[in-house]
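To start, the structure itself, in structure tokens.
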């Protein structure tokens, strides 16, 4: 076993709009930086892309031999056709693969762990260091289905529109009632006088 394979683990959590974003570093002669993020809207029934980025921070050539991402609703692995992934000194390589979010998945935070196994080229031979695989943990955010949110918005707008129509109709009716002038009361007629007729006038 080569004596130059030294590991120093650093776990850094990054907050990036609710997406999975963590980084693990193993520094030394054989050094690898691993970062994984999810791309795309994550909601029940959606398919997201797991973006795995590797940076060779050491002085030896490296290759990634396996990648596994485990969430509480499933385990997803990089296809064998894309492995091993060669990472030359000082370069960054990316390997993407899809993950299906089951339609029964609850909305909210879900624990996730990502594991990446790798090898270093020591004197022309591929050697697996003692600190492989690199493992990181984070949370995977599952949001509400955008279609459901849109439907709720349409229903709310429909209710507001109906309320506005009702208010307009009520205002129009009140205005029409105010515009109709009231009829004037009938003219006053004095009651007839009852009693003996007045005496006739007398001649002087």
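Among the residues of the stretch 26-61, the one identified as surrounded by fewer than 20 Cβ atoms within 10 Å (Cβ to Cβ) and in contact with a helix residue (DSSP H, G or I) (Cβ under 8 Å, 6 or more places away or on another chain) is 41.
Collect the residues in the stretch 76-101 that are farther than 17 Å from residue 56 by Cα and either surrounded by 12 or more Cβ atoms within 10 Å (Cβ to Cβ) or not assigned by TED's automatic domain parsing to the domain that holds residue 33 (or both), keeping them in residue-number order. Of everything in the stretch 76-101, those that are farther than 17 Å from residue 56 by Cα and either surrounded by 12 or more Cβ atoms within 10 Å (Cβ to Cβ) or not assigned by TED's automatic domain parsing to the domain that holds residue 33 (or both) turn out to be 76, 77, 78, 82, 96, 97, 98, 99, 100, 101. From the list 85, 95, the one residue that fits, being modelled with pLDDT of 95 or more, touching a helix residue (DSSP H, G or I) at 6+ places or on another chain (Cβ under 7 Å) and under 21 Å from residue 120 (Cα atoms), is 95. State whether one or more residues within the stretch 3-18 are in a strand (DSSP E or B), modelled with pLDDT under 90 and surrounded by 15 or more Cβ atoms within 10 Å (Cβ to Cβ). No. When the stretch 102-126 is filtered for residues that are within 23 Å of residue 60 (Cβ to Cβ) and either surrounded by fewer than 12 Cβ atoms within 10 Å (Cβ to Cβ) or at pLDDT 90 or above (or both), the ones remaining, listed by number, are 114, 115, 116, 117, 118, 119, 120, 121, 123, 124, 125, 126.
The values are calculated or read from the model by the stated rules, or taken from the named source; none is laboratory data. These numbers were taken from a predicted model, which means no experiment stands behind them. Cβ atoms come from the backbone with ideal geometry, glycine included; neighbour counts cover every protein chain shown.
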